[in-house]
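**Q** I have a structure here, written as structure tokens, and I will follow up with some questions on it.
The values are calculated or read from the model by the stated rules, or taken from the named source; none is laboratory data. Note that this is a predicted model, so its numbers are computed, not measured. Positions of Cβ are generated from backbone atoms using ideal geometry, with glycine treated the same way; all protein chains shown enter the neighbour counts. Areas reflect the complete protein model, heavy atoms only, side chains present, ligands, DNA and RNA absent. Shrake-Rupley method; radii C 1.70, N 1.55, O 1.52, S 1.80 Å.
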Amino acid sequence: MQRMLILALSVFAILLTACSDQPNSNQQAQNSDSESAVALAEVSEATDQNIPTEQRLSAYSRALFDWFDTLGVPVLNNRKYLQIYLGHYNALPDNQLKPNYTYVFLLESTETEKKVYTLDMRNSTYSREDTDMFSGESYRYKEFDLRADVIERLKELRTNHPQIGHLRKFDSRTGDPVALFILARGCYGSGFNQQAEDLIRYLSEMPDFRTGKPVGKEGLKKSLSEDMALSFMQSTRQGFSDSKVTREALLRQLLDIAKHYPESTGAVEARKSAEILFRMIREDEAHSQKKLRPLEEMTVREQVAELIYQLRDQNAESSFSIFTDPRDGGMMHQKVPGKGSPATQLIEMGEVALEQLIEAVDDDSFTRCADSHSIIRVGECCQTIIDRIQPTGRRFDIVGNPQQAKAAMKVWYLGN
């Protein structure tokens, strides 16, 4: 009960922030950001005149770093900068093997493992006893020269078109804006103010992939917020496919996104998803308190209702198919002992399950069938199961008018 009260207070808090989605609030926020940016630029110009070149850091950049430090991230002051060897990869177009590295800031270190902060804002652990899942090789660490690395990165990025660096997936010296910003914060924390300022200047000149136009100083914070929120929303969606990640943990991740990036489009999705998850957690607690008989002792109607409820735990590593649940044999569909996933059991029940499945086609509860782009809902599962029971291939518009769609489906599938 105490845990539910804490979650309820958290959800209530983010719902209050939803007012920022209203037009008037947006306009005020934009005006405030614009005025702040102009003020920061003016302060920067006045301050920079009295600071030696090597020590120069604009007030604008310092304000960005101060904002970053409020996001629940590790403080990157005087952190060692590491290059971690991940093995080799085949580089296109010549298909030559090349070493693959990642670059991180060291948080904690023992003889066997390193706890680090990555350039995509993740806390991670690398152990000498582990191996890279792709190359099979052991990790190797080396302390690296942060200042020299940043100088080399900027040289490469300015030589090529900015978007080339942004899109390269296997190049360890990526030009991803968030990664470059974290490097800038690391430089600032190590006293490399010139490199920090150079990175911020480059980021402000870099075209935003959403608009194709340079973000400018006024738009840099907003652009970074969008990128950060998008990245965390992608990883949170992916987390739904891992049954070991509890719904409470997923809810906390969504609340963090809504809290730290309130004006981003990702925060809008986070708030809506948090509402659904909070409701599901309450339903889970209520369901766990019921004295349910074993499935085989229930009536047919009770069995269908219970299996539809269990669709929230229908599991898959991607949203491509609901039938890659480990209980159905996974991606290889190998035979496994047991009755199969809830979806498979509902299909086996056949037409007796159709009426209740139709009633649930608008259930927006999340399943465990997800990837970084989408999460299948229970209602979508029900539609797919219905089509397996009666494979007509027809899809109904559930979103526009659910009740009308359900009535049409009953006529189509049940004849009433």
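**Q** Looking at the P(r) of region 302-416, how many percent of alpha-carbon pairs lie beyond 19 Å?
**A** Percent of Cα pairs beyond 19 Å in region 302-416: 43.
**Q** State, to one decimal in nm, how far the label point of residue 95 lies from the label point of residue 339, with both points 7 Å from Cα in the Cβ direction.
**A** 5.0 nm
**Q** Something else about it: With Rg and the Kirkwood Rh both taken from Cα atoms, where does Rg over Rh land for region 235-314? Don't skip to the end; give the middle numbers.
**A** Values: Rg = 15.8 Å, Rh = 14.4 Å.
Result: Rg/Rh = 1.10.
**Q** Okay, next question. With no solvent and one equal point scatterer placed on each C-alpha of region 221-280, evaluate the Debye formula and give log10 I(q)/I(0) for q = 0.16, 0.30 Å⁻¹, two decimals.
**A** Taken in order of the listed q values, log10 I(q)/I(0) reads -0.43, -1.25.
**Q** Here is a further query. Starting from the Cα of residue 272, draw a straight line to each of the lysines and keep only those under 19 Å, dropping any in the same chain fewer than 8 residues away.
**A** Correct list for residue 272: 259.
**Q** Still on this structure, please answer the following. Taking the convex hull of the Cα atoms, report for region 64-160 its projected area averaged over all directions, in nm². Don't skip to the end; give the middle numbers.
**A** On the way: hull surface 31.7 nm².
Averaged projected area of region 64-160's Cα convex hull equals 7.9 nm².
**Q** Continuing with the same structure: Going Cα to Cα from residue 114, which lysines come in below 17 Å? Please leave out same-chain ones fewer than 8 positions away.
**A** 80, 142
**Q** Now, a different point. Can you tell me which of 138-144, 111-117 comes out highest on packing, and rank the rest after it, using the mean Cβ neighbours within 10 Å?
**A** Numbers: 138-144: 14.3, 111-117: 16.0.
Listed from highest to lowest mean packing, they are 111-117, 138-144.
**Q** Show log10 I(q)/I(0) for region 206-365 at q = 0.10, 0.13, 0.15 Å⁻¹, two decimals, from a solvent-free Debye sum over equal Cα scatterers.
**A** -0.51, -0.77, -0.93
**Q** With only alpha-carbon atoms counted, please give the Rg and Dmax of region 184-286, in Å.
**A** Considering region 184-286 through its Cα atoms, Rg and Dmax are 17.5, 58 Å.
**Q** Taking all pairs of distinct Cα atoms, average 1/r, flip it, and tell me the Kirkwood hydrodynamic radius of region 56-112 in Å to one decimal place.
**A** Numbers: mean 1/r = 0.0676 Å⁻¹.
About 14.8 Å for region 56-112.
**Q** What figure in square angstrom, to the nearest 10, would you give for the accessible area of residue 222 with a 1.4 Å probe?
**A** 130 Å²
**Q** Same structure, new question: Where the accessible area of region 216-353 is counted over protein heavy atoms with a 1.4 Å probe, how much of it, in %, is carbon and sulfur? Write out the running numbers ahead of the final one.
**A** Working: 3860 of 7180 Å².
Heavy-atom surface of region 216-353 belonging to carbon and sulfur, 1.4 Å probe: 54 percent.
**Q** Oh, and also: Which FRET efficiency value, to the nearest 0.05, is calculated for residue 320 and residue 201 with the Förster distance at 60 angstrom and r the Cβ-Cβ distance?
**A** Values: r = 42 Å, r/R0 = 0.71.
Approximately 0.90, to the nearest 0.05.
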